[in-house]
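Asks: First the structure, then my questions, so here it is.
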Amino acid sequence: MLSYLLNKKIVFEKGADASTSIGSPVLNYQEYVTVWSNVYVRSGNVDFGENERLVYSIEFTIRYNTKTKEINNKYRIKYNGEYYRIIEVFETEPKQTIKIIAERWENE
């Protein structure tokens, strides 16, 4: 991947299992790694559930390294002050780049 295409900074936060004071399970997130990424908005639609909300999926392309190879769906992405839930992670070029499909996280 050409380095000038990786022009957006994103933060991965790692989720750790924890529980509340009454014993309910919850994920606590801590910053894991900050990387440069190529960001591409793949699609968007409107969900008419209880509330009308815009749902869109985003594709993040990052460099493969010892930290990023560990990323899975227990992590989340922070980009432009918004959180994204990871749906799929796969290597596009073995041991060179990783592509992540994510959607906007509504819980924060």
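Each reported figure results from applying straightforward, stated rules to the coordinates on display, with no laboratory input. Nothing here was measured: the structure is a model prediction, and the numbers come from that model. All Cβ positions, glycine included, derive from the backbone under ideal geometry; neighbour counts span all protein chains shown.
Asks: What are the trypsin sites (Lys or Arg not before Pro) within segment 14-80 that DSSP puts in a loop, where the Cβ has at most 15 other Cβ atoms within 10 Å?
Replies: In loop regions of segment 14-80 (DSSP not H, G, I, E or B), the sparsely surrounded trypsin sites (Lys or Arg not before Pro) are Lys67, Lys74.
Asks: Could you give the dipole magnitude of the chain about its Cα centre, charging the beta-carbon of Lys and Arg +1 and that of Asp and Glu -1, in debye to the nearest 20?
Replies: That gives a dipole near 500 debye.
Asks: Moving on. Given the options Val26, Val89, Val11, which has the most mean-square fluctuation in a GNM of the chain, springs set between C-alpha atoms less than 10 angstrom apart?
Replies: Among Val26, Val89, Val11, the largest GNM mean-square fluctuation belongs to Val26.
Asks: Now, a different point. Please compute the Kirkwood hydrodynamic radius of segment 3-104 from all pairs of different C-alpha atoms, in Å with one decimal.
Replies: For segment 3-104, the Kirkwood estimate is 14.7 Å.
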